[in-house]
Amino acid sequence: AGIGKRVALDLARRNARTILACRSQEQGQAAVEEIRAATGNPAVLLRLVDTSSLASVRAFARAVLREEKRLDLLVNNAGVTGLPFTITPEGLEQTFTTNYLGPFLLTNLLLG
């Protein structure tokens, strides 16, 4: 939704292979279908990742590196605000992990 979806739509319009990295299968698939229909670009894909989980980020990065020959552009757009103080199963504060640690780790893992 929001800025991330608009960026994905613009990239797909430019005929780019576009991977939507979403936390929700249902919402992500709806966005993929909407973008494909609006652009005619069949190379819009959904991959699941939860940036509040470093294990999820690592699994996502491994899959991208395994499945994709190259990665030209990464847009880190995930973020949350206003959540109650919560500790993740990995022992990290959830908002900080979602907004900073997860995207930082993802970027570094995808740099190769």
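The values are calculated or read from the model by the stated rules, or taken from the named source; none is laboratory data. None of these values were measured; they are calculated from a predicted model. For neighbour counting, all protein chains shown are included, and Cβ atoms are generated from backbone atoms with ideal geometry for every residue, glycine included. The protein model used for the area step is the full one, side chains on, heavy atoms only, and it has no ligands, DNA or RNA in it. Shrake-Rupley method; radii C 1.70, N 1.55, O 1.52, S 1.80 Å.
Out of everything in the range 81-108 that is farther than 24 Å from VAL7 by Cβ and assigned to a loop (DSSP other than H, G, I, E, B), what residue ends up being least open to solvent (accessible area, probe 1.4 Å)? This residue is THR88.
If you go through the range 53-67 one residue at a time, do you hit one that is over 16 Å from GLY102 (Cα atoms) and among the charged types (D, E, K, R)? There is at least one residue in the range 53-67 that is over 16 Å from GLY102 (Cα atoms) and among the charged types (D, E, K, R). In the range 6-34, the residues that are on the phi < 0 side of the Ramachandran plot form Cβ pairs under 6 Å with partners that are of a type in the set (D, E, K, R), at six or more places apart or across chains, as follows: ILE19/ARG47; ALA21/ARG47; ARG23/ASP50; ALA31/LYS5. Taking the criterion of being closer than 16 Å to VAL75 by Cα and hydrophobic (A, V, I, L, M, F, W, C), the residues of the range 14-30 that qualify are ALA16, ILE19, LEU20, ALA21, CYS22.
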